[in-house]
Amino acid sequence: MIRRSALAMLVLAAAFGFALYNLTYEVQRLETELRRTNKAMLEERDAIRVLQAEWSYLNEPGRLSALARKHLHLAAVGGGRIKAVADLPARDGAPARIETVEGETKGVEARFAKGGTP
């Protein structure tokens, strides 16, 4: 009887030893992976900081206005280019109708009523 219990204890001790051995190496593997992941995360944070600095430089208002003057060749809009709302063409074939505060109708319908063209 003692031999069977001793043998069972020996098998149980060997199984626990093997499980502990595997657990130890699994923990070491996970710690290595954690260090690698933390290192990659710090590298990504540094890359994000560099990109933010580059973005700040590229969006600097003085730099953008100089580039706009150099490449866009924009000019101020003169007063003659500004039109009234009534002069805009109608959408989807429907006549433009604009009600004023006094209740009179202006726009394309008013011109048609007077015999004009839009």
Whole-Hz couplings from phi, Karplus 6.51/-1.76/1.60, listed for segment 8-13; x for Gly and Pro = 5, 5, 5, 5, 5, 5
task = First measure r as the distance between the Cβ atoms of Tyr25 and Tyr57, then evaluate 1/(1 + (r/R0)^6) with R0 = 41 Å and state the FRET efficiency to the nearest 0.05.
result = 0.25
query = So between Asp92 and Ala47, what do we pick up on full extension, going 0.36 nm a residue minus the alpha carbon distance?
reply = 11.1 nm
Cα gyration tensor category, rounded, prolate or oblate, for segment 17-97 with a/c compared to 1.5 = oblate
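Every read-out reported here was derived from the displayed coordinates using simple, explicitly stated rules and does not represent laboratory data. None of these values were measured; they are calculated from a predicted model. Here the Cβ is made from the backbone with ideal geometry for all residues, glycine too, and neighbour counts use every protein chain on show.
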